[in-house]
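The values are calculated or read from the model by the stated rules, or taken from the named source; none is laboratory data. Predicted model, so just to flag it, every value in this text is computed and none were measured. In this analysis, Cβ positions are derived from the backbone assuming ideal geometry, glycine residues included, and neighbour counts consider all displayed protein chains.
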Amino acid sequence: MRFEEIKQKLSTKTVGIAGCGGLGSNCAVALARVGIAKLIIADYDVIEESNLNRQYFFYDQIGKKKCFALKENILKINPKCQVEAHDIKLDEKSIIELYSNVDVLVEAFDKAEMKALILETVLRYMPQKPLIMGVGLAGWGKFSLIKEHNFDNVYIMGDMTNEASENLPPIAPRVGIVANMQANKVLELLL
């Protein structure tokens with residue numbers, strides 16, 4: 001399939017991204033680059049200097065809300081992409097309201113309880129909605145351990161073991177790999 005055909009197929013598709021940090025910002029940028037029609041992004045956090053090691057933001061954006069800065073960056077890459085940005089801490093109700101009509105939903109949280117919340121919400125209220133998650137992406141090296149794990153309509157990208165900690169932080173290479181695996185899975189499902 002030629003790139004023009006890919007863009008044509010994606011020109012009517014909407015992807016939801018829950019979280020605009022390392023996974024969410026990099027996944028959103030990858031999808032914008034290939035011509036996704038619309039992204040619905042949500043995050044309540046602000047950019048800190050420590051985020052710049054793995055998130056698609058710039059030094060002059062420190063202190064800005066992640067969702068609005070990401071929208072700004074996406075529109076610089078692809079001004080045709082519609083970006084709906086929400087400054088909100090997601091909960092069960094807002095997940096349903098924001099993402100019930102997307103074609104695919106990408107989980108991009110860093111906290112385990114938020115990952116559990118979105119998984120439980122999608123399985124309970126939107127079981128036919130494809131959900132792409134990222135689990136086990138901290139540290140460096142051992143790229144061969146990063147794989148796709150499939151459970152019906154839930155796709156988990158990562159090694160499922162290397163959780164972030166003070167001594168095993170999430171940094172650009174592994175975060176970027178998992179985020180791009182998530183974007184690649186979105187394309188696989190939509191194309």
Which residue, of Ile95, Ile40, is touching a residue at least 60 places away in the same chain (Cβ under 8 Å) and either outside any helix (DSSP H, G or I) or of a type in the set (D, E, K, R) (or both)?
Ile40
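I'm checking my understanding of the structure. Among residues of region 176-186 that are surrounded by fewer than 18 Cβ atoms within 10 Å (Cβ to Cβ) and within 14 Å of Arg33 (Cβ to Cβ), which one is farthest from the chain's Cα centre (by Cα)?
Asn184
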Subset of region 114-163 (residues that are more than 21 Å from Leu187 (Cα to Cα), surrounded by fewer than 18 Cβ atoms within 10 Å (Cβ to Cβ) and at pLDDT below 95)
Trp140, Gly141, Lys142, Phe143, Ser144, Leu145, Met160, Thr161, Glu163
So which residues in region 166-191 are touching a Phe, Trp or Tyr at 6+ places or on another chain (Cβ under 7 Å) and either among the polar types (S, T, N, Q) or part of a helix (DSSP H, G or I) (or both), if there are any at all?
Pro173, Arg174, Ile177, Lys185
